[in-house]
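Notes follow once the structure below has been shown.
The values are calculated or read from the model by the stated rules, or taken from the named source; none is laboratory data. Predicted model only: the values in this text are computed from it and were never measured. Cβ: placed from backbone, ideal geometry, glycine included. Neighbour counts: every protein chain shown.
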Amino acid sequence: MPESYTEPLGQSNAFLDFQETLSRAAKVDRPILLIGERGTGKELAAAKLHYLSQRWQGPLVALNCAALAPTLLESELFGHEEGAFTGAHQRRTGRFEAATDGTLFLDEIAQIPTEVQEKILRVVEYGSFERVGSSRPVQVDTRIIGATNADLPSLARQGRFKRDLLDRLSFDVLFVPPLRARGEDILLLANHFAARMAHELGWESLPRFSLRVVAQMEGYPWPGNVRELRNVVERAVYRSDAPSIDELVFDPFVPPFGGGTSAGIETPDPSPPAGAPDRPDASLEDAVRDLEVGMIRESLAEARYNQRLAATALGLTYHQFRGRLRKYREELAAGED
């Protein structure tokens, strides 16, 4: 593997099971879909699929499909001929050609317009396409790995994602585990990120997390997953004056002098008050659930995600509070997206 490749880090059962699945899928030369929340490491997973495959000596080409306007995406994927449109002063090869004999990683694949999906389908089925402004076919041999956090079957039912393309890309669908399902990995990753930051700062001693900080990290839902954990840990290390890390800042946009948001600017909050049902036609059962979820979310935020303090604030025992966390796990996770 190249020096630029970073091996994922973890020891939890969820992590190890996923790595085993990746290794098995890598050896089959078929399209793969990676489904996972933001910050879970979908690009790392795609890289491992490539470098463990028979195409490992070929190129790994990545494209974030959400980063380009729909009018530019087709040209970026398939290239264009000179004069194909205003500003096309010379022929340009696209990502499919660049990835021939290798792997093309299409991140945020759900964002691809349907007219471009039609052209991708032709590449998957026949291994050929035409550059923008040309009618001459170009042959390529490229393995596609797609990634998204969207519900592709639902988009296909709505006509926003081509069913035929979904069928062709989903030889297998691998779900990247979120950090909240990898409890044993949180402290392991935190120590790794802290050590790297300390080295960058020129520290002679390795950082150490207090028991209070460890409890906060293990009780926090990590909606931004590994990417968020890295930011929180690195921020804590660089702000600390000693190797002992006693405080974490989960939301850097909260001003220290209270009120408002960053720069002291108040922004209107279109959401209902915390804990209030946001559905006027909700049943009593739904309203009670919405109220409990809202109060739990608010108490966690006020307690800086210390579950014991949040439980006390709500007048619950720790075990009662943990039971409600399990009961409303999906609702609380969805509210953090």
Scan of the stretch 119-154 for residues that are hydroxyl-bearing (Ser, Thr, Tyr), out of contact with any strand residue (DSSP E or B) (no Cβ under 7 Å at 6 or more places or on another chain) and more than 30 Å from ALA334 (Cα to Cα), ordered by number: TYR126, SER134, SER135
Number of the condition not met by THR103 [criteria: (1) over 23 Å from the mean Cα position of the chain (by Cα); (2) buried (at least 19 other Cβ atoms within 10 Å of the Cβ)]: (1)
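For PHE96, state whether it is in contact (Cβ under 8 Å) with a residue 60 or more places away in the chain and either of a type outside the set (Asp, Glu) or part of a loop (DSSP other than H, G, I, E, B) (or both).
So PHE96 does not fit the description; no.
Residues checked against (1) among the small types (Gly, Ala, Ser); (2) in the same structural domain as LEU229 (by TED's automatic domain parsing); (3) free of Cβ contacts under 8 Å to residues at least 40 places away in the same chain:
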position	(1), (2), (3)
ALA110	yes, no, no
GLU125	no, no, no
ALA150	yes, no, no
ALA190	yes, yes, no
ARG208	no, yes, yes
Residue match in the stretch 101-121 (condition: modelled with pLDDT under 95 and farther than 22 Å from ARG163 by Cβ): no
Residue in the stretch 163-173 that is more than 29 Å from LEU72 (Cβ to Cβ) and of a type outside the set (Val, Ile, Thr) present: yes
Residue selected from the stretch 197-228 under the condition farther than 19 Å from PHE15 by Cβ and among the polar types (S, T, N, Q), by the criterion surrounded by the fewest Cβ atoms within 10 Å (Cβ to Cβ): SER205
Every residue from the stretch 30-75 that is part of a loop (DSSP other than H, G, I, E, B) and either outside the structural domain of VAL138 (by TED's automatic domain parsing) or in contact with a Pro (Cβ under 9 Å, 6 or more places away or on another chain) (or both): GLY36, GLU37, ARG38, GLY39, THR40, GLY41
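Having 1 or more residues that are among the acidic types (Asp, Glu) is the bar; report the strands (runs of 3 or more DSSP E) wholly within the stretch 135-217 that clear it.
Because the criterion is at least 1 residues that are among the acidic types (Asp, Glu), the strands (runs of 3 or more DSSP E) in the stretch 135-217 that meet it are 172-175.
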Any hit, the stretch 31-46, residues being modelled with pLDDT of 95 or more and more than 17 Å from the chain's Cα centre (by Cα): yes
Top-ranked residue in the stretch 301-332 [being aliphatic (A, V, I, L, M) and within 29 Å of the chain's Cα centre (by Cα); ranked as surrounded by the fewest Cβ atoms within 10 Å (Cβ to Cβ)]: ALA301
Residues within the stretch 218-248 that are among the hydrophobic types (A, V, I, L, M, F, W, C) and either part of a helix (DSSP H, G or I) or in the same structural domain as GLN307 (by TED's automatic domain parsing) (or both), tallied: 6
Residue count, the stretch 14-69 (criterion: within 15 Å of ILE144 (Cα to Cα), charged (D, E, K, R) and buried (at least 18 other Cβ atoms within 10 Å of the Cβ)): 3
The stretch 109-127: number of residues that are touching a helix residue (DSSP H, G or I) at 6+ places or on another chain (Cβ under 7 Å) and either of a type in the set (Gly, Ala, Ser) or closer than 18 Å to VAL61 by Cβ (or both): 7
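Checking the conditions here, which among ALA181, ALA242, ALA194 is of a type in the set (Gly, Ala, Ser), buried (at least 20 other Cβ atoms within 10 Å of the Cβ) and either on the phi < 0 side of the Ramachandran plot or in contact (Cβ under 8 Å) with a residue 12 or more places away in the chain (or both)?
None of the others qualify; the one that does is ALA194.
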Odd one out for GLN90 among (1) more than 18 Å from VAL28 (Cβ to Cβ); (2) at pLDDT 95 or above: (2)
Residue list for the stretch 106-134, filter: loosely packed, with under 14 Cβ neighbours inside 10 Å and assigned to a strand (DSSP E or B): SER128
